[in-house]
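The values are calculated or read from the model by the stated rules, or taken from the named source; none is laboratory data. Since we're looking at a predicted model, the values are computed, not measured. Here the Cβ positions follow ideal geometry from the backbone for every residue, glycine too, while neighbour counts run over all protein chains shown. Ligands, DNA and RNA are stripped out before the accessible areas are found, and what is left, the full protein with its side chains, is counted by its heavy atoms. Shrake-Rupley method; radii C 1.70, N 1.55, O 1.52, S 1.80 Å.
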Amino acid sequence: VQLQASGGGVVQPGGSLRLSCAASGRIISIGVMAWYRQAPGKQRELVSTITTDGSTTYADSVKGRFTISRDNAKNTVYLQMTNLKAEDTAVYYCNAKIWPATYYWGEGTLVTVSS
């Protein structure tokens with residue numbers, strides 16, 4: 001199983017980006033999917049999660065600005081990021097629980113918010 005993340009880049013403060021993460025390989029089903037991020041010099045932190053039925057959670061720092069979604073038919077999770085701030089600069093990683101109970105990580109995609 002592999003998770004392939006994409007969509008990172010450089011954006012000005014106030015801008016938007018959409019991250020995608022597609023799972024491929026021998027997959028029977030995917031449970032919870034999530035996005036984490038790791039800023040320079042900081043620990044990796046949980047940004048958002050989404051269950052199979054669409055229930056979501058968000059870190060307080062991104063509530064109202066980020067939206068997580070998923071396409072179960074495509075084994076893909078998305079993170080729509082709006083009103084980006086300098087403090088959102090980080091490497092973003094996707095994570096997915098693949099049946100029966102193994103968690104996989106994507107390789108990360110860099111988001112840089114800078115004027």
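Data overview
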{"item": "Residue in the range 42-54 that is nearest to CYS21 (Cα to Cα), counting only those that are open to solvent by 40 Å² or more (accessible area, probe 1.4 Å) and in a strand (DSSP E or B)", "result": "LEU46"}
{"item": "Filter result for the condition that a residue is modelled with pLDDT of 95 or more and either open to solvent by 40 Å² or more (accessible area, probe 1.4 Å) or within 18 Å of ARG26 (Cβ to Cβ) (or both), over THR109, THR102, THR89, THR57", "result": "THR57"}
{"item": "Sole residue being open to solvent by 80 Å² or more (accessible area, probe 1.4 Å) and either out of contact with any Cys (no Cβ under 6 Å at 6 or more places or on another chain) or touching a residue at least 24 places away in the same chain (Cβ under 8 Å) (or both), chosen from ALA73, ALA39", "result": "ALA73"}
